[in-house]
Amino acid sequence: MTPTSSITTLPKTNLRDRVSQALRSAIISGEMEPGVVYSAPSLAARFGVSATPVREAMLDLVREGMVTIVPNKGFRVTEVDEASLDQVAQVRQLLEPPVVARVTALVPVEDLPGLRQMAQDIVDEAAAGDLVAYTEADRQFHLRLLAYDGNPRLVDLVSELRSQTRLLGLSSMLASGALAENAREHLTLVDLVEARDAAGAEALMHAHIARTRTTWAGRPDVT
């Protein structure tokens, strides 16, 4: 299966934020490639918007270190070295699994159908081959789950760490069918939360994050 073109026409509401998040997801998923220069007009044409919100969104990403300005040409996607990506994964391993273990007892029963639908959205985007939408759905699900811990600073920190992650192996996973299998882990995680299985949820999160530095990063030989 070939990835679909994921940068599509966006609703006109809250345009800058929508463009910013779509660009972040495109960079994280590898649809926008490290080292490549992208012009605001070309991206605007793909979004179906004017170049102004794209330039504004790109400046947000410059401040976040995700892209750099190339005078008179556009913006170059920043390359992140392997050591930095390993450090991001290590910090996420320290933060996310124990929090997910804690919130298994905190998620209200009435919220479980909503969480399950968010997990299903990840599965559906994987089936559709939309890597940008998949990455965004994955981000929303995990941040929503962490939010039950009641610590917005933690959620913001994890969101920032996720923006620094690069999942350049997603395209090959999509082609092999492995992405769909990994997407279903989110439904399993909801099952564990529903069963109030804190230990199981924590173990799954450890494995989930570990794969961001192996198959998801295009490094299947790394264990």
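Roughly to the nearest percent, how much of the accessible area of segment 1-155 is carbon and sulfur, given a 1.4 Å probe?
54 percent
Give me D for segment 36-103 in µm² s⁻¹, whole number, from Stokes-Einstein with Rh from the Kirkwood sum over alpha-carbon pairs, 37 °C and 0.692 mPa s. Calculated translational D: 231 µm²/s. Positive contributions from Lys and Arg (+1) and negative ones from Asp and Glu (-1), summed over other residues with Cβ under 13 Å from the Cβ of Val109, come out at -1.
Take the chain with all the other protein chains still there, run a 1.4 Å probe, and you get 47 Å² of accessible area per residue. Of the two radii for segment 1-132, the radius of gyration is 1.03 times the Kirkwood radius, both from the alpha carbons; that is the Rg over Rh value. Screening the chain for whole DSSP H helices of 30 Å or more along their axis (Cα) with average Kyte-Doolittle hydropathy at least -1.0 returns 82-103. Charged side chains reduced to their Cβ positions (Lys and Arg at +1, Asp and Glu at -1) give segment 123-177 a dipole of some 180 debye around its Cα centre.
Here the simple spin-label model places points 7 Å from the Cα toward Cβ, and for Val36 and Asp111 these points are separated by 3.8 nm.
The values are calculated or read from the model by the stated rules, or taken from the named source; none is laboratory data. None of these values were measured; they are calculated from a predicted model. Neighbour counts run over all protein chains shown; Cβ positions are idealised from the backbone, glycine included. Heavy atoms of the whole protein, side chains included, go into the accessibility calculation; ligands, DNA and RNA do not. Shrake-Rupley method; radii C 1.70, N 1.55, O 1.52, S 1.80 Å.
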